[in-house]
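Novice: Sharing a structure, written as structure tokens. Questions coming.
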Amino acid sequence: MTSSDCQKLASRLLDPDPEVAEHLLGCVDCRRRAAFARSLAEKVRQAESEPSLPEGLTSRLVARLDRLPSPRRKSHSASLVGILALAAALAIAFFLWGRPQVDPLVADMVRHHEGCFHIQNTRAKAEQFRRWMVAHSDRELPIPARWPATLTPVDRRDCPVAEGARGPHLMYAGSSQGQVSLYVLPRADLQGIASLSQKPTAHRYNGYSVLVWEREGWLYGLVARVNEAELRGWVALRGELQVELAARALFRPIPGRFTVDGQVRNHTRALRPGSVGPRRGALPLRPAAL
Amino acid sequence: MVHAEALYRFARRLCRDDSQAEDLFQEAYERAYRFFYQFREGSNCKSWLFTILHTLHRQRLRSRSTRQESISIDEASEFFLHDRLLEQEKILADNPEKIFFDQCPSGEIRAALSELSEDLRSAVLLYDVEGFSYQEIATILGVPLGTVRSRISRGRSALHKRLWQAFQQTPR
């Protein structure tokens, strides 16, 4: 603390904080300034406090107030009007926003899910998916592990799902589950979307159940026309929040579909779930017999 | 009547006219009486009354469009007066501050204050005379906290300069 610091504002000397007070103890110049500032403030106070209330002003004021009607109070009727107004506002709000709001990302996933199954895969899309897998290690992808045995892979593509974000679209089908989509999107491409929980959150849209969750820079979306409880059962949780890591079986190539080199192959060797999967830089060319 | 004297003082300072001040004072109390249900228990009643009075005053000024022009005083340091007095130390005596206060009547200080613009005057008086905090002054005047600090600082500086001019003209 220097004299210059103290003297930047007179109010620091008039109402000194402990730091300034300590400085004042050892600085004659600042003490003198502080004394002058206090004396001047007192002089101003004296000068301005001289005029008292004019004679009769109080009685004139009381007479004026007496002529006024009783001041408004918080009456029951006023409260009732307030309650009714609030109820009306709530009713309007319920009418306008009563339906559960749909997360735009959830809606995008469902719409994409409904459309993508009707489009035949192409070599280009298969190549895009391969490139994506080359660029992203499967180790980065915590995919739900507890997958129903009756649910079989149909296709996998690199799809534009939500605005500005594209990523693997893993497509499945089951006799009782119907068509199922698992989307994996890079979180960085979804700037406009608020952070999601690591724990899968259920949504309902257009007859579909959707689970979305976020983990380690990836956003996951699971779409199926099943009830929420069943969908949740597919996503195994370890402890509170951790989604089980890479169930590589999900990446098993699909028989009769395009593979990385664009050839349709007959696959013979079965892969044990959780034991073999795509390696960085290459997809297995010999998928399991499903 | 609660805080009547302080409120009347403030009204006089704002209006610089006794009859207008009396009118403003009464109207402020009348409004406080009518809207007392809006007063929140536990909050500062004095500050609430000052806020009402200042708001009324501003409304009146707007309706009349006769915002009074004040004499412009160049800004100076908040220690302008003391610095000038110290420069005179050898000429005057050992204690120039004492000479200043002995020779500075209250009328001179009131005159100096009245020459400040209304914004600066209100801020200085609410702080130095009425003892409100910066935050309370910000509420009363309806301006940000930083503006209150700036106005008090500028007001004091201008006041010092005006008092120094008056002191120099005083025959010794």
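Novice: Between the alpha-carbon centers of the range B:31-51 and the range A:164-225, tell me the distance in whole angstrom.
Specialist: 55
Novice: Further, regarding this structure: Evaluate E = 1/(1 + (r/R0)^6) for B:R34 and B:S133, where r is the Cβ-Cβ distance and R0 equals 22 Å; express this FRET efficiency to the nearest 0.05.
Specialist: 0.20
Novice: Using the charge dipole of the range B:4-64 (Lys, Arg: +1 at Cβ; Asp, Glu: -1 at Cβ; taken about the Cα centre), state which of B:H54, B:F35, B:F25 has its Cα farthest towards the positive end.
Specialist: The one lying farthest along the dipole's positive direction is B:H54.
Novice: Please arrange B:K46, A:K43 by how many other C-beta atoms lie within 10 Å of their C-beta, fewest to most.
Specialist: B:K46, A:K43
Novice: Right, here's the next one. Given axes a ≥ b ≥ c from the Cα gyration tensor, I'd like to know whether the range B:4-64 is rounded (a/c under 1.5), prolate (a/b larger than b/c) or oblate.
Specialist: Judged from the Cα gyration tensor, the range B:4-64 comes out prolate (a/c at least 1.5, a/b above b/c).
Each value in this text was obtained by applying a stated rule to the coordinates, not by laboratory testing. Predicted model, so just to flag it, every value in this text is computed and none were measured. Neighbour counts are summed over all protein chains in view; Cβ atoms, including those assigned to glycine, are modelled from backbone coordinates with ideal geometry.
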